[in-house]
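Colleague: Below are the structure tokens for one structure; questions will follow.
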Amino acid sequence: MTIDMPAGTAGLRLTCIDIRPETPGVKTFRFRAGEGVAVSVVPGQAMMLAIELAGERHWRSFSISGAGADGTVEMTIKAQAPGGATHWLHERLAPGMTLPARAARGAFTLAARSGGPVAFISAGSGVTPLIAMLRELARTDPEADVAWVHAARREDDILFAPALADLQLRMPNLAASITVSHPGAGWFGYRGRVNRRLMSVMVPDFAVREVFCCGPAAFMQEVRLIHAAEGGRKERFYTERFHTERFHTESGGVAAPAIPAEVSASGNPAGDFHLRAAGRELAIRADETVLQASLRQGVIIPCGCGEGLCGTCMVKLDRGSVALRHHGGITPEEEAEGYILACSSWPVTDLAITIG
Ligand code: FES
């Protein structure tokens with residue numbers, strides 16, 4: 001699934017052309033890029049949108065649920081707390097409005113697949129990148145042997161049921177199982193949270209499948225343990241590697257990324273270099289990231305995964321050089337344009353950055 005829009009950062013804008021409700025609190029937003037603009041979207045990736053809140057621009061990353069040959073891209077987004085970006089999208093965004101955007105990014109894609117039987121396992125809004133992958137498989141490999149497992153809280157919360165029914169008509173080897181943890185009286189499907197016993201009923205050959213799993217961190221860890229306990233190989237288990245709900249959360253904490261081997265831990269608490277950010281002169285140690293140094297001294301840089309995956313912490317490097325170690329959260333074009341990921345960049349010289 002590739003649509004044409006430019007891959008760089010500057011100037012990319014998406015216009016909302018349609019909004020449709022999916023379940024209570026979840027909507028799908030369809031966007032189109034400007035005329036003649038082009039970027040690749042690989043199913044499973046996410047895109048960033050900029051939302052103005054109280055006069056400030058906030059970049060947020062959202063999984064892509066679908067993209068069309070007509071150059072449209074869809075994001076299925078759950079509304080979070082009032083006052084935040086997702087709430088604004090649900091309450092204020094309307095067809096015809098345009099938002100700044102950044103190129104699609106992320107390594108949680110079908111590129112990892114070896115071609116054998118697959119299991120797509122999701123909980124809640126973690127299903128979003130997986131439905132994009134399933135749509136891609138329906139297009140490129142409709143005979144694929146796919147086990148689809150989705151866990152929802154209530155029947156009303158089951159996402160993409162009509163799309164799944166349509167895909168089943170085109171994919172003869174697609175077996176879908178839905179489990180609901182708080183079912184109503186009329187629910188006749190699986191009940192309860194995903195555990196080893198339930199998984200062995202829903203997907204008896206789970207161990208031999210390549211697994212793509214997305215959902216809250218505890219859910220992904222549980223599914224990973226089940227796969228290992230059944231004899232599955234850990235290198236055939238793929239997750240988004242960050243907590244999807246947190247990824248969509250307005251606040252987001254900061255994980256501590258691993259320090260690159262070539263970055264020496266000086267242990268100088270005062271700082272080894274200078275960091276100019278938000279009009280202030282900060283200190284930054286050789287063994288801390290731009291994000292850690294900024295937050296330590298009260299300069300806020302928006303952050304999602306804290307692991308170089310999501311791109312939320314991208315800032316412009318105006319001066320100096322850094323050691324950047326990321327996991328797909330920045331495109332080569334963005335690096336060439338002078339952007340870095342604050343959570344995954346260690347200073348090599350004095351630095352100056354622009355946030356936002
Ligand atoms: S916070 Fe996700 S890439 Fe830095």
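The values are calculated or read from the model by the stated rules, or taken from the named source; none is laboratory data. Predicted, not measured: the structure shown is a model, and the values here were computed from it. With ligands, DNA and RNA removed, areas are computed over all heavy atoms of the protein, side chains included. Shrake-Rupley method; radii C 1.70, N 1.55, O 1.52, S 1.80 Å.
Colleague: In percent, how large is the relative contact order of the chain, given Cα pairs closer than 8 Å and 6 or more residues apart?
Modeller: Working: 821 pairs, mean separation 52.3, N = 356.
Over the chain, the number comes to 15 percent.
Colleague: Also: Quick check for you: with a 1.4 Å probe and neighbouring chains kept, what is the accessible area per residue of segment 13-105, in Å²?
Modeller: On a per-residue basis, 39 Å².
Colleague: How far, in nm, would the chain grow between D166 and A218 when pulled straight, counting 0.36 nm per residue and subtracting the alpha carbon separation?
Modeller: Stretched fully, the D166-A218 segment lengthens by 15.7 nm.
Colleague: Right, another one. Starting from the Cα of K78, draw a straight line to each of the lysines and keep only those under 20 Å, dropping any in the same chain fewer than 8 residues away.
Modeller: Correct list for K78: K27.
Colleague: Note the angle between two axes, namely the Cα long axis of helix 127-140 and the longest principal axis of the Cα atoms of the chain, as a number of degrees from 0 to 90, rounded to the nearest 10.
Modeller: 70
Colleague: Per 0.36 nm of contour for each residue apart, how much would the distance between R92 and A229 grow if the chain were fully extended, relative to their Cα-Cα spacing?
Modeller: Answer, rounded to one decimal: 44.7 nm.
Colleague: Taking all protein chains in place and a 1.4 Å probe, what share, in percent, of the accessible surface of the chain do carbon and sulfur account for?
Modeller: 53
Colleague: Under a 5 Å amide H to amide H cut-off, with H placed in plane at 1.01 Å, what residues pair with T239 once short-range neighbours are removed?
Modeller: Correct list: C213.
Colleague: For helix 217-229, report the angle its Cα long axis makes with the longest principal axis of the Cα atoms of the chain; keep it between 0 and 90° and round to the nearest 10°.
Modeller: 60
Colleague: Taking the solvent-accessible surface of protein heavy atoms with a 1.4 Å probe, what is the per residue accessible area of segment 261-355 in Å²?
Modeller: In whole numbers, segment 261-355 has 40 Å² accessible per residue.
Colleague: What accessible area per residue, rounded to a whole number of Å², is obtained for segment 110-239 using a probe radius of 1.4 Å?
Modeller: Value for segment 110-239: 45 Å² per residue.
Colleague: Using Cα atoms only, what is the angle between the long axis of helix 161-170 and the major principal axis of the chain, expressed in degrees (0 to 90) to the nearest 10?
Modeller: 70
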